[in-house]
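What follows is a single structure, written as structure tokens, with notes after it.
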Amino acid sequence: MDRQLTIYNSLTRKKEIFKPIEEGHVGMYACGPTVYSDVHLGNCRTFIGFDTIFRYLQYIGYKVRYVRNITDVGHLVDDADTGEDKISKKARLEKLEPMEIVQKYTNGFHAIMSKLNVLSPSIEPRATQHILEQIEMVRDILDNGFAYEVNGAVYFDTQKFIKEKGIYGELSGRKVDELLAMTRDDLKNQDEKRHPADFAIWMKAAPEHLMKWQSPWSEGFPGWHLECSVMSTKYLGETFDIHGGGNDLKFPHHENEIAQNVGACGHAPANYWMHTNMLLMNGRKMSKSDGNTITPQELFSGDSVHVSKGYSPTVVRFFMLQSHYRSTMDLTDEALQAAEKGYRRLMEGYKTLEKLAPKKDATDGDVGAEILSLIEAAFVEMDDDFNTPKAMARLFELTNKINALKDGHLDINKVSEATLQRLQTVMHDFIFDIFGLQEEADCESNDKMNGVMQLLIDIRQQARQNKDWATSDQIRDALAALNIQLKDSKDGTDWVME
Ligand code: AMP
Ligand code: ZN
């Protein structure tokens, strides 16, 4: 690899030089959404953050296997080991099957990700598809003596783990110290646990529970933290390069993931832990309970008291890239308006650049040299823990140069043909490939294309229900002739353009 990357590792709380386990390859896991409600903008921030990291790693030449899961079981309402399963609860309220809830909100999540031009991960595993592997990991942890069974539930034994391994709490620090200071008197209604810091890795299901599986301990379901330990190990190996998520997941989720992996196979899952910071709105935490919230759809359409107008998905993405992933980000109408202006200035600069004609035989004078050093500076910013706002600032300095070359304030005779070409390539690559921005018109036509495809899928579905095979085949064949393949599965029909 030509470029040297530095990554802030939440585990050591330091920037470290990135050394992949296997030269030229990166294994990366990011915790995906729990699909019991519409994806919110905070989630979008985190997924855009990891998408940009995924894009940059690939751009600089790594072969990346990026795993982003779908949580469809085990995440309880209060995040600890009490309360109803979030998906079961929604299924009960909406009078739907849990898997209908999962499908509905997974589809919605994918639709928003595609609007924001977030690439599909390499693998998107679901927790319910890995129940067997989760049962195996519970067994391994029990066999190694780091868990105990009580009445059909299995709990991770944090006290024994700390005594023997001495590492619990490294990622989240103080929070765990507070927890460890608690005594049995603090257990309240969780008195099956030996210590309040212990957490469930297998839970016994109540008779009315909708999602449950047979296991050696009880008919039940896995604890929320277990799925990520299992799916990351299955697809990336026992130790892989990068594990990420929003920083609200450091504790208990990621802390417990580390404990489970060490408990099961003796070593930690990831070498580098990366955490995105939270999205705020008007200076406060975005929260449904006090109305300080806006959905991605409302932001795109402008249908909300919090914004004066709608903002295209690509402007929203641009806005998010203007903060470093480790800083909090405050969503306000003024900041979005400024982002829209900035985005349009950048795109206009790019169009101007495409039209700049090189001067034959020109050699690089001071202008050419400055352009080359700004280009290198933009990459250096990205190499420094993926600093998108600073890299963006370099692109704006380049945009100033482009405009000055066009207006004649800078001399195009001092820019060689090779440098101009490199500038064109780099601006294109940064805007479209690394930052994942799009033309606003493309956003609209993507929307229209998605709408038309959904209509065709619905008509074909109706034809199939009416046993009108001629119409259903006609739709499939006509789309195939346009290199659009329909993919039927038990969960519905998807389409891909080949
Ligand atoms: P969840 O569906 O709640 O499990 O969240 C999915 C991902 O979004 C996780 O990585 C969370 O850490 C992240 N996330 C949740 N809320 C926010 C927020 N307000 N800002 C940034 N990321 C968030
Ligand atoms: Zn996770």
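The values are calculated or read from the model by the stated rules, or taken from the named source; none is laboratory data. All values derive from a computational prediction rather than experimental measurement. Cβ placement follows ideal geometry from the backbone for every residue including glycine, while neighbour counts extend to all protein chains displayed. In case anyone asks, the SASA skips ligands and DNA or RNA and just uses the protein heavy atoms, side chains included. Shrake-Rupley method; radii C 1.70, N 1.55, O 1.52, S 1.80 Å.
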What does the accessible area of GLU84 come to, in Å² to the nearest 10, when a probe of 1.4 Å is used?
70
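Grab the alpha carbons of region 153-273, take their convex hull, and tell me the volume per residue in Å³.
Working: hull volume 15.3 nm³, N = 121.
Given the Cα convex hull of region 153-273, per-residue volume reads 127 Å³.
Rank these by accessible area, largest first, 1.4 Å probe: ASP241, ASP477.
Working: ASP241 10, ASP477 85 Å².
From most accessible down to least: ASP477, ASP241.
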Taking the chain and counting helices only, DSSP H stretches of n ≥ 4 at -39,500 (n - 2.57) each over all residues, the nearest-500 ellipticity at 222 nm comes to -14500 deg cm²/dmol
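Per residue, how many Å² of accessible area does the chain show with a 1.4 Å probe?
Values: 22720 Å² over 498 residues.
Value for the chain: 46 Å² per residue.
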Number of Lys pairs (Cα under 24 Å; 8 or more positions apart or on different chains) in region 127-278
22
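Compute the Rg/Rh shape ratio of region 216-304: radius of gyration over Kirkwood radius, all on alpha-carbon atoms.
Value, to two decimals: 1.13.
At 0.36 nm per residue, and after removing the present C-alpha to C-alpha distance, how many nm does the segment from ILE60 to HIS209 gain when stretched out fully? Walk me through the numbers before you get to the answer.
Numbers: separation 149, 0.36 × 149 = 53.64 nm, distance 4.79 nm.
That works out to 48.8 nm of additional length.
Mean projection of the alpha-carbon convex hull of the chain over all orientations, in nm²? Write out the running numbers ahead of the final one.
Values: hull surface 109.5 nm².
Averaged projected hull area, Cα only: 27.4 nm².
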Electrostatic dipole magnitude of region 1-126 [Cβ: Lys, Arg +1; Asp, Glu -1; Cα centre; debye, to 20]:
440
Once neighbouring chains are kept in place and the probe is 1.4 Å, which whole percent of the accessible area of the chain is contributed by carbon and sulfur?
49
With the crude spin-label approximation of a point 7 Å out along Cα→Cβ, what separation in nm comes out for VAL380 versus ASP290?
4.3
Round to the nearest 0.05 the FRET efficiency obtained for ALA441 and LYS234 when R0 = 45 Å and r is the Cβ-Cβ distance.
0.60
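Would you mind getting me the FRET efficiency between LYS359 and ASN144? Use the beta-carbon distance for r and R0 = 60 Å, nearest 0.05. Display every interim value, and only then the final one.
Working: r = 70 Å, r/R0 = 1.17.
With R0 = 60 Å, the Cβ-Cβ based efficiency is 0.30.
Using Cα-Cα distances under 8 Å and only pairs 6 or more residues apart, what relative contact order does region 331-464 have, in percent?
It comes to 30 percent, rounded to a whole number.
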Area accessible to solvent at ILE17, 1.4 Å probe radius, in Å²
80
If I model a spin label as a point 7 Å beyond the Cα along the Cα-Cβ vector, how far apart are those points for GLN485 and ASP191 in nm?
5.9
Report the extension gain between HIS110 and ARG13 in nm, rounded to one decimal, defined as 0.36 nm multiplied by the number of residues separating them, less their alpha carbon distance.
31.7 nm
Compute, for ARG45, the solvent-accessible surface of its heavy atoms (probe 1.4 Å) with the complete set of protein chains present, and express it in square angstrom to the nearest 10.
10
Binning every alpha carbon pair distance of region 356-498 at 10 Å from zero, what are the percents per bin?
10, 27, 18, 14, 16, 11, 3, 0
